[in-house]
């Protein structure tokens with residue numbers, strides 16, 4: 001049973017902001033609810049005021065903006081994102097990750113913004129968003145500001161959000177060249193499970209980008225691995241070596257889902273498989289352009 | 001601070017409903033305790049088992065992860081809304097014909113998930129069926145008969161659509 005709280009449903013962003021400022025730490029933003037309701041039932045989170053932002057109409061928008069980015073409003077359900085025009089073709093790494101979050105029932109309620117704002121180290125949508133250089137759009141007292149997803153999540157369940165601030169959308173840059181990449185998730189069962197380790201390896205704008213989840217306090221980019229791979233041809237030897245360097249980018253722990261050692265091994269595997277996939281993808285592209 | 005009850009107006013199994021409810025009550029609890037619709041079950045209470053699956057604006061959701069106040073202006077269909085008196089939905093008939101249940105605890109959620117699938121895709125493949133019910137746990141049947149029950153409805157739809165297209169010479 002949840003503790004008592006007041007439920008408020010403002011219809012404007014400013015209204016929501018004012019309520020958050022007024023109630024400060026007593027208030028929680030309520031969006032898809034799939035995480036907050038569980039936490040309230042378990043009495044881990046006990047807000048006095050729950051502010052449902054789903055009444056704010058423009059947070060439900062998904063659109064391509066000025067040919068620059070795909071903007072996914074904070075209240076857009078996970079299940080709606082892959083259905084929007086060309087998203088699955090353009091951002092297969094993201095839609096594959098989304099497909100791996102919870103169940104159909106969950107994806108009909110949960111949002112990508114919620115997945116990121118919860119700031120779990122194993123958030124499935126985080127690693128594709130990291131390699132895509134997605135930006136979090138934040139509404140606050142100075143109006144709107146944009147922050148890279150890598151700077152937004154600061155720790156386990158911690159973000160840079162301050163009192164009164166609300167994430168309105170996530171913006172993903174449009175890349176002219178097709179992205180070749182792979183989202184991978186290791187979990188005990190194929191569906192409706194949390195990641196033991198997850199990651200995205202992709203070739204974007206001519207460079208290889210790597211991000212891993214559940215191996216550090218936050219989802220992380222494999223900075224050293226990426227630096228090593230810059231300008232290199234993906235030979236077997238380079239791929240093997242990249243698989244070793246990734247362990248210096250991460251700091252996994254042992255917990256209920258896996259040991260530290262297992263996670264290190266899986267991280268190597270995710271990187272190596274991802275790079276092989278990119279190498280094969282490049283070959284296919286080459287063949288296609290010659291044909 | 002007083003915790004007020006909210007008035008909500010919604011459609012429940014095709015009928016208009018008005019209700020007053022506290023914010024800290026889930027939609028599942030309200031449906032079961034205030035409306036006596038006990039088909040949807042509370043299994044895990046955390047969105048993992050799917051026993052509480054209902055249709056919320058025609059989408060399958062876990063009723064345990066929805067606040068009752070959110071039902072305001074929504075259209076809700078529970079397992080009880082699928083049958084018309086003694087007349088069962090084709091999925092319910094098929095679950096019986098295929099013996100697709102044992103203890104029955106998961107069945108309402110399972111059928112609602114299948115219904116949501118058939119609403120968006122009237123003749124799904126076996127893989128699409130398996131995916132559609134992947135958020136519904138069954139601890140008795142091993143899923144085989146459940147998939148068969150849904151498949152047989154899908155197959156019937158395919159048969160109908162072939163007839164409808166008047167494709168001669170194609171027999172099942």
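All of the numbers you see were taken from the coordinates with simple rules; none came from a lab. Bear in mind the structure is a predicted one, so any value in this text is a computation, not a measurement. Cβ atoms come from the backbone with ideal geometry, glycine included; neighbour counts cover every protein chain shown.
Some points to look at:
- Gaussian network model of chain B, Cα within-10 Å springs - most flexible of B:159, B:135, B:50: B:159
- Full extension of the chain between residue A:259 and residue A:48 yields a length gain of 72.2 nm, computed as 0.36 nm times the residue separation minus the alpha carbon distance.
- Fully extended contour minus Cα-Cα distance, from residue B:72 to residue B:160, at 0.36 nm per residue: 27.9 nm
- Rounded, prolate or oblate (a/c below 1.5 giving rounded, otherwise prolate when a/b exceeds b/c) for segment A:3-53 by Cα gyration tensor: prolate
- FRET efficiency for the pair residue B:121 and residue B:17, taken as 1/(1 + (r/R0)^6) with r the Cβ-Cβ distance and R0 = 22 Å, rounds to 0.15.
- Within segment A:58-173, the proportion of Cα pairs with more than 26 Å between them is 11 percent.
- Calculated FRET value between residue A:142 and residue A:63, using beta carbons and R₀ = 35 Å, to 0.05: 0.90
- Calculated FRET efficiency for the pair residue A:4/residue A:237, C-beta based, R₀ 60 Å, to 0.05: 0.45
- Within segment A:118-154, backbone nitrogen closer than 18 Å to the virtual label 7 Å beyond the Cα of residue A:251 toward Cβ: A:120-122, A:150-154
- Dividing the helix sum by the residues of chain A, where each DSSP H run of 4 or more adds -39500 (n - 2.57), gives a mean residue ellipticity at 222 nm of -9500 deg cm²/dmol.
- Spin-label model, residue A:230/residue B:36: points 7 Å from Cα along the beta carbon direction are separated by 7.1 nm.
- Length added when fully stretched, residue A:86-residue A:21, from 0.36 nm per residue minus Cα-Cα: 19.5 nm
- Degrees, to the nearest 10: B:144-164 long Cα axis against longest axis of chain B: 60 degrees
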